[in-house]
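*Asks:* Sharing a structure below in structure tokens format, with a few things to ask.
Only the coordinates and a few stated rules stand behind these numbers; no lab work does. Predicted model only: the values in this text are computed from it and were never measured. Counting neighbours? That spans all protein chains shown, and the Cβs are built from the backbone with ideal geometry, glycine included.
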Amino acid sequence: MNLSYKWLKEYVDFDLTPETLAEKLTSSGIAVEGITNLSEELSDIVIGEVISCEQHPNADKLSLCKVSDGQGEYPVVCGAINVAKGQKIVFAKIGATLPGDFTIKAAKLRGVDSEGMICSAKELGISSEWLLPEQRDGILVLDTDAPIGSDAIAYLDLDDYVMELDLTPDRGDCLSLINVARQVAAITGSRVRFPDIAFNEVITESDKGIDIKIEAPEDCPRYVGKIVENIQVGPSPFWVQNKLRNAGIRPISNVVDVTNYVLLELGQPLHAFDYEQLQGQQIIVRRSKKGETIVTLDEQERTLDDTMLLICDAARPVAIAGVMGAENSEVTEKTQTVLIESAYFNPVSVRKTSTKLGLRSEASARFEKGINYEQTKVAAQRAAQLLSEISSAIPHESETDVYPNPIERARVSLRFTKVNQLLGTSLTNEEIKDILKSLQLEMVEDNGDSVIFQIPAFRPDLRIEEDLIEEVASIFGLENIPVTLPYGDTHKGARNTEQKIRTRIFEVLKAAGANEIITYSFINRNHLDKILLPENDLRRNVVEVLNPLSEEQGVMRTTLIPGILDNALRNHNRKSENLLTFEVGKVYYKNGFPEKTELPEEEMKLSVFGRGRMAGDWKNKAEEIDFYYIKGMIDALFSSLKINDIEYVPANDSGEYHPGRCAKILLGGTFIGYIGELNPKVADNYSLSGRNYMAELHLDTIITSCEEKISYRYLPKYPGMNRDLAILIDDQIRAGQIVETIEKTGGELLRNVEVFDLYQGAQIPEGKKSIAFSLQFQAEDRTLTDDEVSIIIEKIKQVLEETFAAKLRD
Amino acid sequence: MRQQLEEIKEKTKKVLEENFNSEELNDLKVKILGKKGELTTILKEMGKVSAEERPVIGQLANQVRDELQQVFAEKQQEIKNKELENKLKEETIDVTLPGREMKKGSIHPITKTIMEAEDIFIGLGFEIAEGPEIETDFYNFEALNLPKDHPARDMQDSFYITPEVLLRTHTSPVQIRSMIEKKSEIPLKIICPGKVYRRDDDATHSPMFHQIEGLVIDKNIRMSDLKGVLLTFAREMFGTEQKIRLRPSFFPFTEPSAEVDISCVMCGGKGCRVCKQTGWLEILGSGMVHPNVLRYGGYDPEEVSAFAFGMGVERIAMLKYGINDLRLFYENDVRFLSQF
């Protein structure tokens, strides 16, 4: 909401600059987001009169005017079509400044002297958004009673500051000047001035009447109707237009403008019906019927359900209560009598209706936050008064006020100790009372240690003790609350085991040279096809988002692979060819949801991805990232987590991997994920050229089997012995099988087996490979002898020959 | 013989004044002092010397040998030094060539910021709580004093899975879950970091982002304690000169509520473009936990009081590292990531 600094001063006296006011309001809970000085670039602009207006001798489209500022007369050449003799206009004399760093100078236009400029609204910095249609082109023509020679900036209320309020949902009361004024009064110790309501002339007897019937009193506790006759619909005077414009509401016509004026001034939304269009001199407030339709003022046909509240005449709906009026009873140029509606609608009902219809208005924004239920009648009177002031309108003397069950003001009790206990302050009882009284809360009971306050009708947000404590804190100033730390028993803070392990995983992968990425938890469903998941894959069991921003974020991911591949492509497109990335994040499975479980299942996963080369330099060529590189990283991770029981089993059952270059990873026999080369078809689907490697692991399983305790193993006392063993063997036999056989045969003394060479090519027969192992022998209690070890080696050789037809190489 | 000894001494000394390498020196040493060397040869003649002269000559011979050995040793050291010097000269390398490249990994700035915040709060006695990202309406809204049709639900446009289940819009539901799990025990001091989701996607909003929520429940928890904890956090995170400012605000789950600003990390509070000349930057929302929320969590608001706060991790990370574009976090450009 835009708050006019100048207009606010009509309701409360204060001696604060706009900046200081903004600061004080902000620190009391009414946040001011920004201040605009409307006259920042304007100076020396006065109201003038066009004394004469003739055709320019040398230009068809220009007029030669004489403008008076009450003291002198100035020749002015004007290009506007609408300029005419007798008009009151905005006159920028020589030396005046206008927006855009524009200073008026004496000029000769087509041979004729021009000593000033007649301004258009645009030249004054007023956007056409805030203008009547006839003001949008040409010069701005002022009201005929505009005083010649006086300051046009003040006349147009451009000597104002617009303060942009960023109100929290509980402070809907400050969507009105009068309630902001109340807040200012509380801060400054000043008093609020409520506008005087008086009428010069009223109609006491008329055949025009209104009968109001509320059929849904819960949705509409109060409804006031006031009739105003003898209307001539037309533009409002400038002082009304200016105020609306500065508040960010477009002036339309005097009737509509007055309803908006009161909306801004008192926070009471009003609606004006064309009385002659209402049938049967009747207003009925009732719930709509399912499927009932209404054409609203914005020319849209709206279909209603049976929860919405309607304002109807004897025959048909004429407004959606609190939201928008209907076209059928709209005020037009021909309107002569209006019925002003001022009502209090149930906030929840208005909110539900406007949400369902997707229709928000200045009115609904106020109703749904709860307005002042005691101001309903006054607001209708105020509108009638303003209408009669700015036009020929004459209001009826009385109004119809239907208020079957008057709402009682809330009472809230407050314990003084609670205030200081919750805030950490040491305010006296008197100080607390004074603050609340300054907010116009009425103390109705004083019990020494506690008090009961009656809450004024304009503060529906104050309901419980804590609400009052908040008011005390805001007015006392949060900056005045001391700074302390909690005392009493404290625990030692810490990460739990799972969190510690996760932290370690981050550290290990970072140390291995990988960059952590974070991608969105939602993905496009088509990724599941792009990564070639089989139809029956569990990862197709996705949780769908009902209202995604786009298909790109349509389902919750069941795998981290799409995110990491999309990211690889993005980096590839930005010429980052060498990538080593990882992500730790949740995936989501539908499983029994929503039939059997309250929520979908969530699981933490880890993905690792690599392509291109590792670091290289002038001395060592960069190593290409391959399957074994990623496997090495995963092994390093397990080793740092003290997980030993890991097995890699060849796999070809997961579509996203190369069928010949993929392994299932088992931890103690339990499946924990896949590692492999990205299936070239999938790579193609993601436009990722070259070879790509990745792994995806179930982190939860890893974390539960992770041994946090490190148990030290004694260093051997006796020297061990190393032997190498090279064999020629069928290409199809996997290193893992051979190592396993060697380990089994080697027995206790064989401490470790490592592959140290693999060779295929020249001198090796087709379909064979040469593979070499380094065997480490060690006894705990003695120095091993050559003979002992040789016996074991011989046995291993024999078993390898028998099992794999391996041939020994020297 | 005496003369012979003197001669060999003088001769050797003279020869040694010339340049040798260590091999040549060794050869010379053998030639003079070796088993078949010149000195030994002379000494073999000792038998021919008269009995009276023998001790005198013997002593002289020893003297000459010791002296020569000494001279050889000195010369040897000299040569060794020289040779080492030459060797070191030859081994000079170009130290300006770049060092061996090591691939440097990185932790995402969001994770890094969360970890740092965690460490600060752990130091203040907090534990770290986590919870599901897909939540029920009850935990995400209702138990946080946000009943259906509450206007404040507008503040958070949500992604729904079913009408009753949604992607959590804040990490606050973890508070409720932790409270219920704790079964009214005090003190409860937790922070809850994690991903949250809102239907917003533009230059300053990401549909997925991160929050850290904090909650402290105990007897006699005061708003002044909230100020103390947040001031400590701000100083640990952004520097010891930090100041904080609380402004009244509204959150359905706290009453009183306050937005918290820190002095601008760019200008130190003098006013600049980043802080819109105010000297302050808003970093989090906070307040005293609403009695309804305490009740939902199984605590009696007459027995205990509590404060809570919640901050956007992206915002903190942007301020901490001077990142000016939110989207960088989710583009995961390795050139960006590698800087952390």
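*Asks:* I need to check one value: relative contact order of segment A:412-480, counting alpha carbon pairs closer than 8 Å and at least 6 residues apart, in percent.
*Replies:* About 38 percent, as a whole number.
*Asks:* Computed on alpha carbon atoms, what radius of gyration and Dmax characterise segment B:226-284, expressed in Å?
*Replies:* Rg then Dmax for segment B:226-284, in Å: 11.9, 34.
*Asks:* Let me ask you something else. What do you get for the angle between helix A:465-476 and the principal long axis of chain A? Use alpha-carbon atoms, 0 to 90 degrees, nearest ten.
*Replies:* 80 degrees
*Asks:* Further, regarding this structure: How do the peptides A:591-597, A:123-129 rank, highest first, by the average count of neighbouring beta carbon atoms within 10 Å per residue?
*Replies:* A:123-129, A:591-597
*Asks:* In whole Å, how far is the Cα centre of segment A:1-49 from that of segment B:149-221?
*Replies:* The two parts, judged by their Cα centres, are 37 Å apart.
*Asks:* Only loop residues by DSSP count here, and only those with at most 13 other Cβ atoms within 10 Å; note down the trypsin sites (Lys or Arg not before Pro) in segment A:766-810 that meet that.
*Replies:* Counting only loop positions with at most 13 other Cβ atoms within 10 Å, the trypsin sites (Lys or Arg not before Pro) in segment A:766-810 are A:782.
*Asks:* Next question, about the same structure. Using just the Cα positions, wrap the protein assembly as shown in a convex hull and report its mean projected area in square nanometres, one decimal place.
*Replies:* 78.4 nm²
*Asks:* Let me ask something additional. Where the centroid of each part is defined by its Cα atoms, how far is segment A:739-766 from segment A:436-489 in Å?
*Replies:* 80 Å
*Asks:* List the extent of the Cα atoms of segment B:1-158 along each of their three principal axes, largest first, rounded to whole Å.
*Replies:* 132, 36, 21
*Asks:* Find the Rg to Rh ratio for segment A:741-810, where Rh is the Kirkwood radius over alpha-carbon pairs and Rg uses the same atoms.
*Replies:* 1.02
*Asks:* When the convex hull of the C-alpha atoms of segment A:409-552 is computed, what volume per residue in Å³ does it have?
*Replies:* It is 283 Å³ per residue.
*Asks:* Then there's this: Using the Cα atoms as the points, what is the convex hull volume per residue of segment B:181-291 in Å³?
*Replies:* 134 Å³
*Asks:* Quick one: net charge of residue A:548's neighbours, Cβ under 12 Å, K/R +1, D/E -1?
*Replies:* -2
*Asks:* Using Stokes-Einstein with the Kirkwood hydrodynamic radius over Cα pairs, what translational diffusion coefficient do you get for segment A:315-383 at 20 °C and a viscosity of 1.002 mPa s, in µm²/s rounded to a whole number?
*Replies:* Answer, rounded: 162 µm²/s.
*Asks:* Rounded, prolate or oblate: which fits segment A:43-155 when a ≥ b ≥ c are the square roots of the eigenvalues of the alpha-carbon gyration tensor, with rounded for a/c under 1.5 and prolate only if a/b beats b/c?
*Replies:* Cα axes put segment A:43-155 in the rounded bin.
*Asks:* A follow-up question, please. Divide the volume of the convex hull of the Cα atoms of chain B by its number of residues and quote the answer in cubic angstrom per residue.
*Replies:* That works out to 293 Å³ per residue.
*Asks:* Let me confirm one metric for peptide A:476-485, namely the mean number of other chain beta-carbon atoms within 10 Å of its residues' beta-carbons.
*Replies:* The mean count of partner-chain Cβ atoms within 10 Å per residue comes to 6.
*Asks:* Show that you can apply the helix-only estimate: for chain B, add -39,500 (n - 2.57) for every DSSP H stretch of four or more residues, divide by all residues, and state [θ] at 222 nm to the nearest 500.
*Replies:* Rounded to the nearest 500, the figure is -13000 deg cm²/dmol.
*Asks:* Continuing with the same structure: For chain B, take the longest principal axis of its alpha carbons; what is the angle in degrees between that and the long axis of helix B:172-182, to the nearest 10 within 0 to 90?
*Replies:* 90 degrees
*Asks:* Counting only other chains, and only Cβ atoms inside 10 Å, what mean value do you get across the residues of A:458-465?
*Replies:* Mean number of neighbouring Cβ atoms from other chains: 1.
*Asks:* Expressed as a whole percent, how much of the Cα-Cα distance distribution for segment A:497-704 exceeds 33 Å?
*Replies:* Here the long-distance tail beyond 33 Å is 12 percent of all Cα pairs in segment A:497-704.
*Asks:* A further question follows. Mind sorting B:183, B:104 by how few other Cβ atoms lie within 10 Å of their own Cβ, fewest first?
*Replies:* Exposure proxy ranking, most exposed first: B:183, B:104.
*Asks:* What's log10 of I(q)/I(0) for segment A:412-480 at q = 0.19 Å⁻¹, Debye sum over Cα points only, no solvent?
*Replies:* Computed log10 I(q)/I(0) values: -0.66.
*Asks:* Could you put B:210, A:572 in order, starting from the residue whose Cβ has the fewest other Cβ atoms within 10 Å?
*Replies:* Ordered by Cβ neighbours within 10 Å, fewest first: A:572, B:210.
*Asks:* If you project the alpha carbons of segment B:2-90 onto their three principal axes, what span does each projection cover, largest first, in Å?
*Replies:* Over segment B:2-90, Cα extents along the principal axes are 58, 19, 15 Å.
*Asks:* Something else now. Let me have the 222 nm mean residue ellipticity of chain A computed from DSSP H runs of 4+ only, each contributing -39500 (n - 2.57), with the sum over all residues rounded to the nearest 500.
*Replies:* Taking each H run of at least 4 residues, the total per residue is -7500 deg cm²/dmol.
*Asks:* Under the rule that a partner needs its Cβ under 4.7 Å from the first Cβ, which Cys of chain B have none?
*Replies:* Singleton cysteines: B:192.
*Asks:* Calculate the dipole size of the protein assembly as shown relative to its Cα centre from +1 charges on Lys and Arg beta carbons and -1 charges on Asp and Glu beta carbons; express the result in debye to the nearest 20.
*Replies:* 3500 debye
*Asks:* Can you tell me the relative contact order of chain B? Whole percent, Cα pairs under 8 Å, sequence separation 6 or more.
*Replies:* It comes to 15 percent, rounded to a whole number.
*Asks:* Which of the GluC sites (Glu not before Pro) found in segment B:91-152 are loop residues per DSSP with 16 or fewer other Cβ atoms within 10 Å of their Cβ?
*Replies:* Of the GluC sites (Glu not before Pro), the ones in loops of segment B:91-152 whose Cβ has at most 16 other Cβ atoms within 10 Å are B:91, B:101.
*Asks:* So what is the diffusion coefficient of segment A:614-757 in µm² per second by Stokes-Einstein at 4 °C and 1.567 mPa s, using a Kirkwood Rh over Cα pairs?
*Replies:* D = 72 µm²/s.
*Asks:* In whole Å and largest first, what semi-axes does the C-alpha gyration tensor of segment A:119-260 yield when each eigenvalue is scaled by 5 and square-rooted?
*Replies:* Output for segment A:119-260: semi-axes of 31, 25, 17 Å.
*Asks:* Continuing with this model, one more query. In segment A:712-771, which chymotrypsin sites (Phe, Trp or Tyr not before Pro) fall in coil by DSSP and have 14 or fewer other Cβ atoms within 10 Å?
*Replies:* Qualifying residues, ordered by number: A:712, A:714.
*Asks:* A further question follows. Compute the semi-axes of the equivalent ellipsoid of segment A:484-544, taking the square root of 5 times each eigenvalue of the Cα gyration tensor, and list them largest first in whole Å.
*Replies:* The answer is 39, 19, 12 Å, longest axis first.
*Asks:* So if I restrict to the alpha-carbon atoms in segment A:598-648, what is the Rg, and what is Dmax, the biggest pairwise distance, in Å?
*Replies:* That works out to 16.1, 59 Å for Rg and Dmax.
*Asks:* With viscosity set to 1.306 mPa s and temperature to 10 °C, compute the Stokes-Einstein D of segment A:349-440, Rh being the Kirkwood radius across alpha carbon pairs; µm²/s, no decimals.
*Replies:* 89 µm²/s
*Asks:* So what's the projected area for segment A:211-402, the Cα convex hull averaged over all directions, in nm²?
*Replies:* It is 9.4 nm².
*Asks:* Peptide A:550-561: average number of partner chain Cβ atoms within 10 Å per residue?
*Replies:* Per-residue shielding by partner chains comes out at 1.
*Asks:* Below 8 Å between Cα atoms, with a sequence gap of 6+, how large is the relative contact order for chain A in percent?
*Replies:* 8 percent
*Asks:* Write down, largest first, the equivalent ellipsoid semi-axes of segment A:541-635 in whole Å, where each equals the square root of 5 times an eigenvalue of the alpha-carbon gyration tensor.
*Replies:* 36, 17, 7
*Asks:* Roughly how far apart, in whole Å, are the Cα centres of segment A:645-661 and segment A:573-626?
*Replies:* A separation of 16 Å, based on Cα centres.
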